[in-house]
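Chemist: Below you'll find the structure I mean.
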Amino acid sequence: MKIAILGAPGTGKTWLAQALRLALEQSTTASSIHIADSPPLMAVILAAVISDPRLPDTQLTLLAREHHRSFDLTLITGMDLPCLTTGAPTQEARTRKQIDKRLREILDEHAVYFTVVYGTGQARTDCALQAIAHHSGLPLTGTGSGNPAWQWSCEKCSDADCEHRLFSVLLKA
């Protein structure tokens, strides 16, 4: 199983990839799971947001899209982690939001199924492990204490408690 981790800068892609690798080392299925932290499509999206938000169909873009089709699961790191800057919204924070928005648009445009991973620390790792287990059918579990309240699919789940937690955090920011 090949897993791609995408997300805006500062949303914990590398941390999540390392945490998943450590968690999966304890599993007998670890050797069958490959985790790619920021695959080529992420670099193309970053370049597009900085230079041309329309993501022109260059050879590099087409190759990155084609390469991304080889992944079985795409995880996007949520925007729930605080931006490293403080105070009023800065250009960095705006760029981060633009990248996240454009990333989701591009994946939607190309019918790439993805799961957004939220939480901090072990909760984020457990959320990603749930997504992997759901997608693969493998019995993966995190090292956290028990099951988190959120169980699956944010796309259209209408879990009011989950939405309340998410929007409460966003409003505080």
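Chemist: In whole angstrom, note down how far apart the Cα centers of the stretch 1-16 and the stretch 97-111 are.
Modeler: Cα centroid to Cα centroid, the span is 15 Å.
Chemist: Let me ask something additional. Return the sequence-ordered ³J(HN,Hα) values of the stretch 121-127 in whole Hz as given by the Karplus equation 6.51 cos²θ - 1.76 cosθ + 1.60 applied to θ = phi - 60°, using x for Gly and Pro.
Modeler: x, 5, 4, 5, 4, 4, 4
Chemist: Given H placed on each backbone N at 1.01 Å, which residues far from Val117 in sequence or on other chains put an amide H within less than 5 Å of it?
Modeler: Correct list: Ile76, Thr77, Gly78.
Chemist: Please give the net charge around Pro9, taking every other residue with its beta carbon less than 9 angstrom from that of Pro9, where Lys and Arg add +1 and Asp and Glu add -1.
Modeler: On the way: positive: Lys13, Arg96; negative: Glu92.
Neighbourhood net charge equals +1.
Chemist: Let me ask something additional. Out of residues 5 or more away from Lys2 or on other chains, whose amide H comes under 5 Å of its own, with H placed 1.01 Å from N in the peptide plane?
Modeler: His34, Asp72, Leu73
No lab work stands behind these numbers, since they all come straight from the coordinates. Given the structure is predicted, the values throughout are model-derived calculations rather than measurements. For neighbour counting, all protein chains shown are included, and Cβ atoms are generated from backbone atoms with ideal geometry for every residue, glycine included.
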